[in-house]
Amino acid sequence: MAASSADAPAFTLAYFDVLALGLPTGMVAAHSGLPWRGKDPETFDWPKVKAEEAPFNQLPLLFRPGRRPVAHSAAIARAIAAMAHRSGARPGYDGSDDEDDAAVSDMLIAEALDVYAALQKGQPTCFVKMGDGGKTDTAHDELWSDTGRISLSRHFACLEKLVRDDDEEKSTGLFSKRRTAGEFFLWGVLHQVFLLDAAAFDATPKLKAFYEIVASMPETNPLIEGTSPMGAMRQYFVAGPRQGA
């Protein structure tokens, strides 16, 4: 991965072939303005990487030329954002030139992971069906209700309050003055809710507008179509009883 030209990859992002945490980190990479690549499916040896390079024996992993691998999706998002800002590929992507933007970006990453954790508790996946792994009908109902600790609507209501109302700034960012990594990371989780039930956004019009704006960006489409460096990623969270399954 030596940077022999301006188009040499700035980093490699490796994950399993599912959306899960691959889409949020992939979104941060795709919108960074940096050249990057995904793992080579022909040569990537996960058992070997896990034993020799993965700090916490898990994916995703970020590989940077001449630097230590980065684990954990939030740390990966921040590392890519810092690289994009320092290189000039996307100034302000990490929010470092504005204290409020930096704080909002970090909040969005944290909230996205809270939503992801709620989905893990109450929604079946392509690997774990309802009734297994603590995925009870009670947890599933709470996830899609208006109340409860893991209620998606409660999370969405909080995000709705965080969206900016300042029309002057909406041309560049809905949550912050500039678009930051946190916004794209969040979108990567919101899209997985959208795939389950698009109506989940109906009560939060500003959040829905944010989702639609990012969905329409040209950098987003390759991730959805499976043509980005991440390759094809299958849906991780799948329909449960509330979706008629």
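What to note about this one:
- Restricting the calculation to Cα atoms, the chain yields a radius of gyration followed by a Dmax of 17.9, 55 Å.
- Under conditions of 20 °C and 1.002 mPa s, the stretch 11-87 yields 171 µm² s⁻¹ as its translational diffusion coefficient, taking Rh as the Kirkwood radius over Cα pairs in the Stokes-Einstein equation.
- For the pair the stretch 107-142 / the stretch 175-211, the C-alpha centres are spaced 18 Å from each other.
- Largest mean-square fluctuation among 81, 20, 199, in a Gaussian network model of the chain whose springs join Cα atoms under 10 Å apart, belongs to 199.
- Taking amide hydrogens as placed 1.01 Å from N in the peptide plane, the amide H of residue 38 sits under 5 Å from those of 13, each at least 5 positions away in sequence or on another chain.
- Among the listed pairs 121/208; 129/206; 50/135; 135/208; 121/161; 39/129, those beyond 30 Å (Cα-Cα): 129/206
- Sparse packing (at most 15 other Cβ atoms within 10 Å of the Cβ) combined with a DSSP loop state is found for the following trypsin sites (Lys or Arg not before Pro) in the stretch 43-122: 67.
- Exposed loop sites were defined as GluC sites (Glu not before Pro) in DSSP loop states (anything but H, G, I, E or B) carrying at most 16 other C-beta atoms within 10 Å; in the chain the longest segment without such a site runs 54-218.
- For residue 48, the aspartates and glutamates whose Cα comes closer than 19 Å to its Cα, not counting residues fewer than 8 places off in the same chain, are 17, 40.
- Cα shape, the stretch 20-147, gyration tensor, a/c 1.5 rule: oblate
- Taken about its Cα centre, the chain carries a charge dipole of about 640 debye when Lys and Arg each add +1 at the Cβ and Asp and Glu each add -1 at the Cβ.
- For the stretch 162-245: Kirkwood Rh in Å [reciprocal of mean 1/r, alpha carbons]: 14.2
Rule-based calculations on the coordinates, nothing more; no lab input. Owing to the predicted nature of the structure, the values given are computational and were not obtained by experimental measurement. Counting neighbours? That spans all protein chains shown, and the Cβs are built from the backbone with ideal geometry, glycine included.
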